[in-house]
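Below you'll find the structure, written out as structure tokens, and then a few comments.
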Amino acid sequence: MKPVYIHNIGFVANLGGNSQEAWENCVSKKSCFSKFNGEAVAQINDADFDKFNPEHKGYKRLDRSTQLALFAADQLKQNLNKETSTLVAIGSSRGATGIWEEAYSSFSATGNAGLLDSPLTTAGQLASNVGAYLQSSNFIDIDQSITCASGLRAIADACAWLNAGFVDQAIAGGAEAPITNFTIAQMQALKILGGEGDFPCKALMPNLDKNTMVLGEGSVLFDLSLEPKNAVAKIVGVGFGTETGNSATGLSPDGKCFQHSMKMALKATGWEKPDAIVAHAPGTVKGDASEMAAIEQLFGNIPTTSTKFLSGHCFGSSGPVSLWMAVQIIKNKQWIAPDWSQSPEPKSVNRILINAVGFGANAVSLAVEYNPVL
């Protein structure tokens, strides 16, 4: 594939409202954990987002996931060419979760659908609202929902569209606001929620013996094109993998889907192996173990980290959060990993592999490389 260049990033998550602030918080290992229905969550605590009130018809009625996406898109607005063909591709595992729950609760109580009408309660309103907000005269919108791999799959889709010459630029990433009553109840039913201490999510902790996943929320959008100028990093490989397993998530103990996606991503790069990996690693016993088994099978003991101990699991936007971290590591030449990590420190951070996977064992991997700013 032709390299796809990352020019600008729109970012909002519990680490901060923009990339610089978020990276400073990440380097200093600040996190924003609180409680929702007795469970640890990583909620956004961002005054800028709270004050965000764009000129967008019906903004106040939109689901929080869409509002987060618009906030991230606003950071990209000034640098876009509104006259050229643009793909807006956004992944979300659950879509408009909060407003759907609110609407269904009202329907159950009164029998009146009220707000329960498309597109407000669907994932399909994410990309269309962002495209309209960016005021591109020629945009195509795609919403991707393949559980927690959704955001990284949307970026992979954008790479394909750019390589095929269908569009000249793309805004791609993920948006998710899963901290709701019903989502918490679902995760409790699966018995995968945890949360104790200053860093309740123990992603990549050696010999993890209990599930520690924490829910997070946020949106990360990337401004992508085939033009190398002013790009700090480039996507040079894309990989996919899936498998049919007997576990609740579909993952096998040796992470076959991860092995497939990582091999495929590396095939186009010419790398023997990456310098480091930003793993999906949600802080669950079986999830972390499956991915680490796949990584060790392919690369041995390689530098590996995850965003989840800082950001919680942002579901469909977790892959874009991981890609954001990889770009910051490449740009700042600083490696971030949890204190309990037994992974070696990387000698170089110019070539990084990013993984994401969701229920159904749908894995996606991206290979990202340093690009000298021209």
Handout entry: Residues of region 219-249 classified as under 18 Å from Ala356 (Cα atoms) and over 20 Å from the mean Cα position of the chain (by Cα), total
Key = 5
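Kindly indicate the residue of region 1-26 that is in a loop (DSSP other than H, G, I, E, B) and at pLDDT 95 or above and also most open to solvent (accessible area, probe 1.4 Å) among those meeting that condition. Spell out how you get there, then give the answer.
In the first step, residues of region 1-26 are kept if they are in a loop (DSSP other than H, G, I, E, B); the result is 1-3, 14-15, 17-18.
Adding the requirement that they be at pLDDT 95 or above leaves 2-3.
Details: Lys2: 112, Pro3: 45 Å².
Ranking the candidates gives Lys2 first.
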Handout entry: For Asn112: the one exception among (1) more than 24 Å from Val167 (Cβ to Cβ); (2) open to solvent by less than 50 Å² (accessible area, probe 1.4 Å); (3) assigned to a loop (DSSP other than H, G, I, E, B); (4) not basic (Lys, Arg)
Key = (2)
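Is it fair to say Glu83 is surrounded by fewer than 20 Cβ atoms within 10 Å (Cβ to Cβ) and either touching a residue at least 24 places away in the same chain (Cβ under 8 Å) or assigned to a helix (DSSP H, G or I) (or both)?
Taking the combined requirement at face value, the residue satisfies it.
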Practice task
Just one of (1) at negative phi; (2) open to solvent by 40 Å² or more (accessible area, probe 1.4 Å); (3) not aromatic (Phe, Trp, Tyr) trips up Lys29, so point out which.
Solution key: (1)
Problem - Enumeration of residues in region 312-338 that are free of Cβ contacts under 8 Å to residues at least 60 places away in the same chain and assigned to a loop (DSSP other than H, G, I, E, B) - result: Lys333, Trp335
Exercise for the section: Only residues that are part of a helix (DSSP H, G or I) and of a type in the set (Phe, Trp, Tyr): list them for region 38-76, please. Expected result: Phe49, Tyr59, Phe71
Practice task
Report, by residue number, each residue of region 147-168 that is at pLDDT 95 or above, open to solvent by 20 Å² or more (accessible area, probe 1.4 Å) and among the polar types (S, T, N, Q).
Solution key: Asn163
Handout entry: Tally, over region 272-293, of residues that are more than 21 Å from the chain's Cα centre (by Cα) and at pLDDT below 95
Key = 1
Problem - Subset tally (residues that are of a type in the set (A, V, I, L, M, F, W, C), surrounded by fewer than 16 Cβ atoms within 10 Å (Cβ to Cβ) and in contact with a strand residue (DSSP E or B) (Cβ under 7 Å, 6 or more places away or on another chain)) for region 45-80 - result: 0
Exercise for the section: Answer with yes or no whether Ile99 is part of a strand (DSSP E or B) and surrounded by 19 or more Cβ atoms within 10 Å (Cβ to Cβ). Expected result: no
Fill in the blank from the handout: Filtering region 84-117 down to residues that are at pLDDT below 80 and either closer than 27 Å to Ala356 by Cβ or under 19 Å from the mean Cα position of the chain (by Cα) (or both) yields none
Practice task
All but one of (1) surrounded by 20 or more Cβ atoms within 10 Å (Cβ to Cβ); (2) more than 24 Å from Ala160 (Cα to Cα) hold for Val130, so report the exception by its number.
Solution key: (2)
Fill in the blank from the handout: Flagged in region 292-311 as touching a residue at least 24 places away in the same chain (Cβ under 8 Å), in a helix (DSSP H, G or I) and of a type outside the set (Lys, Arg), in numbering order, are Met292, Ala293, Ala294, Ile295, Gln297, Leu298, Phe299, Phe309, Leu310, Ser311
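When you go through Ala248, Ala268 one by one, which is the residue that is surrounded by fewer than 17 Cβ atoms within 10 Å (Cβ to Cβ), in contact with a Gly (Cβ under 7 Å, 6 or more places away or on another chain), on the phi < 0 side of the Ramachandran plot and modelled with pLDDT under 95?
Numbers: Ala248 fails: in contact with a Gly (Cβ under 7 Å, 6 or more places away or on another chain).
When all the criteria are applied, what remains is Ala268.
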Completion exercise
The correct count of residues that are on the phi < 0 side of the Ramachandran plot and over 10 Å from the mean Cα position of the chain (by Cα) in region 304-318 is 7
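Could we say that Ile171 is farther than 24 Å from Phe36 by Cα, among the aliphatic types (A, V, I, L, M) and open to solvent by 50 Å² or more (accessible area, probe 1.4 Å) here? Walk me through how you get there before you give the answer.
Details: farther than 24 Å from Phe36 by Cα: yes; among the aliphatic types (A, V, I, L, M): yes; open to solvent by 50 Å² or more (accessible area, probe 1.4 Å): no.
Against the criterion (farther than 24 Å from Phe36 by Cα, among the aliphatic types (A, V, I, L, M) and open to solvent by 50 Å² or more (accessible area, probe 1.4 Å)), Ile171 does not qualify.
Identify, please: which residue in region 214-229 is over 27 Å from Thr97 (Cα atoms) and touching a helix residue (DSSP H, G or I) at 6+ places or on another chain (Cβ under 9 Å) and is, among those, surrounded by the fewest Cβ atoms within 10 Å (Cβ to Cβ)? Give the steps one after another, and end with the answer.
Of region 214-229, the ones over 27 Å from Thr97 (Cα atoms) are 224-229.
Retained after the next criterion (residues that are touching a helix residue (DSSP H, G or I) at 6+ places or on another chain (Cβ under 9 Å)): 224-226.
Values: Leu224: 27, Ser225: 20, Leu226: 16.
Result: Leu226.
What strands (runs of 3 or more DSSP E), lying completely within region 184-291, carry at least 2 residues that are more than 25 Å from Trp335 (Cα to Cα) and not polar (S, T, N, Q)? Explain how you work it out, then say what you get.
On the way: elements: 218-225, 233-242, 276-278.
Ranges flagged: 233-242.
The values are calculated or read from the model by the stated rules, or taken from the named source; none is laboratory data. Worth saying up front: this structure is predicted, and the values here are computed from it rather than measured. When we count neighbours, we look across all protein chains shown, and the Cβ atoms used for this are built from the backbone with ideal geometry, even at glycine. Just so you know, the surface numbers come from the protein's heavy atoms only, side chains and all, with ligands and any DNA or RNA stripped out. Shrake-Rupley method; radii C 1.70, N 1.55, O 1.52, S 1.80 Å.
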